């Protein structure tokens, strides 16, 4: 049973709200923000920590209520044992800084909900907004702990031209269809077609709704979002928390080989050194996974368990290592706790190695 109650300021038990909407006025623009909360399954012994959460920003034309993101968000909640918020934003006015304003609206929601301990995750266009959010919060809300940033098929990691993106969008559509017609064997194979079907239905439905909302301004709004995807994100070099990237090997939109040149000839240490020296220059830790099997755009929606568990495990391990390194004096009780956690992480690593090995060719495995 999921915990359906929380405690208010007077410590009185009240029903949990698992979805809602907010409006924020920022720089003369009204931002609509919709959110949906996912709670861990079978949350029996663990108390739900109300100030700790996973925050997920989905991609273009995918909302917080989309059927295609439910398995992924539920896996984030189950693995982390934390509440997971799926958040979708929309600026009323179409302006060049709309993405930054929408990210600021998310930061205000975080403050309003008194969240103090977060992991930020973004997919595709949502990854662009996640980068803005991480940069804004480091500057304006340094008291809020960011455990790490996860970028799933994220855009704006390098410059590209709009005509090239449009051409690659068509390539991605054709290539994904070919992959679905003859998918390779892996543990999540059976759910891939169904998940992709939901993803397409969600995207078409939301596009039609947006056409109705924006009316004659729909092309202008779409062009503004495309511009955010093709330009280099201004916050790349200022993000000072751990970063995990997962980009499908055959993704024609985020194109991992454009993020890291000569990717196929670099081992994991070399590509992460490149990311550290050239893109995320302030991050203390970077890991990049480039799945081969069903390595198309929006891979995370098709393979939710592997993606969620692998990304969160890598952040969890790094944060735990830092806690140990920063402990000057460790009591016997703390040492025993560290040993227990280390054993749990080791057991998780053994399980997750199956997921990671399924996503990567044997010679491109992840170590260390």
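Values for this structure:
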| read-out | value |
| --- | --- |
| Index of the failed condition, residue 175 passing every other in (1) in a helix (DSSP H, G or I); (2) within 19 Å of the chain's Cα centre (by Cα); (3) over 23 Å from residue 98 (Cα atoms) | (2) |
| Helices (runs of 4 or more DSSP H) within segment 193-292 that include 3 or more residues in contact with a strand residue (DSSP E or B) (Cβ under 7 Å, 6 or more places away or on another chain) | 268-278 |
| Residue identified as surrounded by fewer than 19 Cβ atoms within 10 Å (Cβ to Cβ), more than 19 Å from the chain's Cα centre (by Cα) and over 30 Å from residue 215 (Cα atoms) among 97, 41 | 41 |
| Complete set of residues in segment 156-170 that are free of Cβ contacts under 8 Å to residues at least 24 places away in the same chain and either within 17 Å of residue 126 (Cα to Cα) or touching a strand residue (DSSP E or B) at 6+ places or on another chain (Cβ under 9 Å) (or both) | none |
| Residue within segment 134-156 that is in a loop (DSSP other than H, G, I, E, B), closer than 25 Å to residue 288 by Cβ and more than 14 Å from the chain's Cα centre (by Cα) present | yes |
| Filter result for the condition that a residue is in a strand (DSSP E or B), out of contact with any strand residue (DSSP E or B) (no Cβ under 7 Å at 6 or more places or on another chain), under 29 Å from residue 213 (Cβ atoms) and at pLDDT 95 or above, over 25, 30 | 25 |
| Matching entry among 255, 201 (being under 20 Å from the mean Cα position of the chain (by Cα) and under 25 Å from residue 291 (Cβ atoms)) | 255 |
| Flag if residue 305 is modelled with pLDDT under 95 and either in a loop (DSSP other than H, G, I, E, B) or under 21 Å from residue 120 (Cα atoms) (or both) | yes |
| Boolean, residue 100 is part of a helix (DSSP H, G or I), modelled with pLDDT of 95 or more and in contact with a helix residue (DSSP H, G or I) (Cβ under 8 Å, 6 or more places away or on another chain) | yes |
| Candidates 88, 81 - the one that is out of contact with any helix residue (DSSP H, G or I) (no Cβ under 9 Å at 6 or more places or on another chain) and in contact (Cβ under 8 Å) with a residue 12 or more places away in the chain | 81 |
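The values are calculated or read from the model by the stated rules, or taken from the named source; none is laboratory data. None of these values were measured; they are calculated from a predicted model. Virtual Cβ from ideal backbone geometry, glycine too; neighbours counted across all protein chains shown.
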